[in-house]
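**Student:** Structure in structure tokens, see below.
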Amino acid sequence: MKHLTAALLAVLMLSALPGCGASAPAAGSTSAPAGSSPISSAAVSAPEQQPEPEPEPIPEPEPYDILDPTVLPEGGVRDGVTYAAYDGVVEHLFFHPVVAYPELAFDGDYKSDGIDDWMVTAGEYLKILQSVYDKGYVLVDIADCWSEQTDEAGQVRMVKNTLYLPEGKKPLILSYDDVNYYEYMLSNGFTYKLILGEDGKIWSYGLDPAGNEVVSRDLDAVTILDKFVEEHPDFSPFGAKGCLSLTGYEGILGYRTQTDRENWTPEREENRQREIEAVKPIVAELKRTGWTFGSHTWGHISLNSRTTEVVQADMRKWFDEVGSLVGDTTVLFYPFGGRLDGDDVRQTGPAFTWMQQQGFRIFCSVGIDSWSRCKDDISAVICDRLHPDGTTLRSGKSLERYMKFYDARDIIDLSVRPDRGVTWQPKAG
């Protein structure tokens, strides 16, 4: 069994990307590039000093089918495609928010190296999607890969499911950490929030390097995948997209839905309630179109080093401020990859037990392969996921490991990234 040590990952990530809390600007008029959609006023909160505009009607959404990959289609065929049982490894890749504007992200400030380490650009991300599609992967929902069953002894445990996939295809889980659009991202080349366009679809909103408002489907990990699936529907035969891993200390999806218990006023609460109402249709449309949600703790805390009492207090905030908006989830993504109680592989400590009692069943860390194990003493599965980012794209050691998904030499865009070198050899010729 091979996986990264949580301590090393925690130190690297903690030093690279500290967060800070503030509110994102709301969108007003739109200067959008070709192919972009104007902002629907129902999707973006109005500034506090302006009266709330009348919401524009959202068009009736196109039907979207979500199917169960654990059920073989009648006759083994659906829409002319033959399905077959798959019991092998379910690969799992995770991303942080993608860089929309490299010139802002990699400008040499104190955030630049951390962003280079842990993010990919929008262009690199699209190339990764194209590569995994070309290599025969299809998207599956993480919650469909394991289920809870009662064994002959009456014990309830998680078991790995047989998946019925299009013949010759391989399953792939995608997850996305920190889809919160933190304050530091707003000046460092990321989009600002997800919104509903006038077409009823999810778009991103942000400012370009010149300060112009931009609404697009080509600059954000969520919208890029939505668009890719529209163009390649066989990439998602069951309607699955990915699982969005959310903290809560700076709101969710670009909306400042969090509380500030040390400095709170009626005006702040009024604005928070507006943000809550603005994000609800975004959450609903994401869920309708194959996106799911998981917890990344409220405060992005290291679960391997905090007391059970601290973990419980933090998660109660998450349930109150995030779970109340996105609904129940069985998936917990460990911040910094730090396993609960220090090592959930060898023990089931009090914090892990408490989390399981709150409904979590799938506990995701970070590693060097898509390893998973159903625990035999409690109903839970622990797993690792791989991380396409600057650290692995630059690494000669990672090159071969990720070759099943893509060749990093074809993915990384060294023309926009900092000059920090690579440890692999260029392709021959």
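The values are calculated or read from the model by the stated rules, or taken from the named source; none is laboratory data. As the structure is a computational prediction, the values presented were derived from the model and not from experiment. Positions of Cβ are generated from backbone atoms using ideal geometry, with glycine treated the same way; all protein chains shown enter the neighbour counts. Side chains included, ligands, DNA and RNA excluded: accessible areas come from the protein's heavy atoms. Shrake-Rupley method; radii C 1.70, N 1.55, O 1.52, S 1.80 Å.
**Student:** Which one of SER305, THR353, TRP424 is farthest out on the positive end of the charge dipole of region 301-429, using unit charges on Cβ (Lys, Arg +1; Asp, Glu -1) and the Cα centre as origin?
**Tutor:** Value computed over the given set: TRP424.
**Student:** Then there is this: Calculate how many DSSP beta bridges within the chain are antiparallel, expressed in % of all such bridges and rounded to the nearest 5. Intermediate values should be presented prior to the final figure.
**Tutor:** Details: 24 of 49 bridges.
Within the chain, antiparallel bridges account for around 50 percent of the total.
**Student:** Determine Rg/Rh for the chain; Rg is computed over alpha-carbon atoms and Rh is the Kirkwood hydrodynamic estimate from the same atoms.
**Tutor:** Details: Rg = 21.2 Å, Rh = 22.3 Å.
Over the Cα atoms of the chain, Rg/Rh equals 0.95.
**Student:** Next question. Report the GluC sites (Glu not before Pro) located in region 200-286 that are in a DSSP loop and have at most 11 other Cβ atoms inside 10 Å of their Cβ, or state none.
**Tutor:** On the way: sites: GLU213, GLU230, GLU231, GLU250, GLU262, GLU267, GLU269, GLU270, GLU275, GLU277, GLU285; in loops: GLU250, GLU262.
Passing both the DSSP loop test and the Cβ count: GLU262.
**Student:** Let me ask something else about it. Mind checking the per residue accessible area of the chain for me, 1.4 Å probe, whole number of Å²? Let's see the in-between values first.
**Tutor:** Numbers: 18000 Å² over 429 residues.
In whole numbers, the chain has 42 Å² accessible per residue.
**Student:** Quick one: with all protein chains in place, what share of the accessible area of the chain is carbon or sulfur, to the nearest percent (1.4 Å probe)? Mind showing how you got there, number by number?
**Tutor:** Values: 9040 of 18000 Å².
The value for the chain is 50 percent carbon and sulfur by accessible area.
**Student:** Using Cα springs under 10 Å in a Gaussian network model of the chain, which residue among GLY206, GLY299, GLY251 shows the largest mean-square fluctuation?
**Tutor:** GLY299
**Student:** Shifting gears a bit: Among DSSP bridges having both ends in region 243-377, what percentage is antiparallel? Round to the nearest 5. Each step should come with its number before you reach the end.
**Tutor:** On the way: 1 of 10 bridges.
If I count the DSSP bridges inside region 243-377, around 10 percent turn out antiparallel.
**Student:** Can you flag which of LYS111/LYS317; LYS397/LYS427; LYS160/LYS404; LYS201/LYS280; LYS160/LYS280; LYS111/LYS170 are past 26 Å Cα-Cα? Working shown, then result.
**Tutor:** On the way: LYS111/LYS317 28 Å; LYS397/LYS427 15 Å; LYS160/LYS404 22 Å; LYS201/LYS280 14 Å; LYS160/LYS280 33 Å; LYS111/LYS170 37 Å.
Going by Cα-Cα distance, LYS111/LYS317; LYS160/LYS280; LYS111/LYS170 fall outside the 26 Å limit.
**Student:** A further question on this structure: Which residue, VAL311, VAL215, VAL77, has the most motion in a Gaussian network model of the chain that connects Cα atoms within less than 10 Å?
**Tutor:** With Cα springs under 10 Å in the chain, the top fluctuation among VAL311, VAL215, VAL77 is at VAL77.
**Student:** Excluding residues fewer than 8 places away in the same chain, name every one of the aspartates and glutamates whose C-alpha is closer than 17 Å to that of LYS227.
**Tutor:** Reachable aspartates and glutamates: GLU62, ASP65, GLU124, ASP134, GLU198, ASP199, ASP218, GLU285.
**Student:** Give the dimensionless ratio obtained when the Cα radius of gyration of region 131-250 is divided by 2.2 N^0.38 Å. Before the final figure, lay out the partial values.
**Tutor:** Details: Rg = 18.3 Å, N = 120, 2.2 N^0.38 = 13.6 Å.
In units of the 2.2 N^0.38 Å rule of thumb, it is 1.35.
**Student:** Place a point 7 Å from the Cα of ASP134 along the Cα-to-Cβ direction; which residues of region 387-429 have their backbone N under 14 Å from it?
**Tutor:** It comes to 403-412, nothing else.
**Student:** Anyone know which of ASP220, ASP343, ASP141 comes out most mobile in the 10 Å Cα GNM of the chain?
**Tutor:** Ranking ASP220, ASP343, ASP141 by mean-square fluctuation puts ASP343 first.
**Student:** Can you compute the modelled spin-label distance between ASP369 and THR353, with each label point 7 Å from Cα toward Cβ, in nm?
**Tutor:** That separation, rounded to one decimal, is 3.2 nm.
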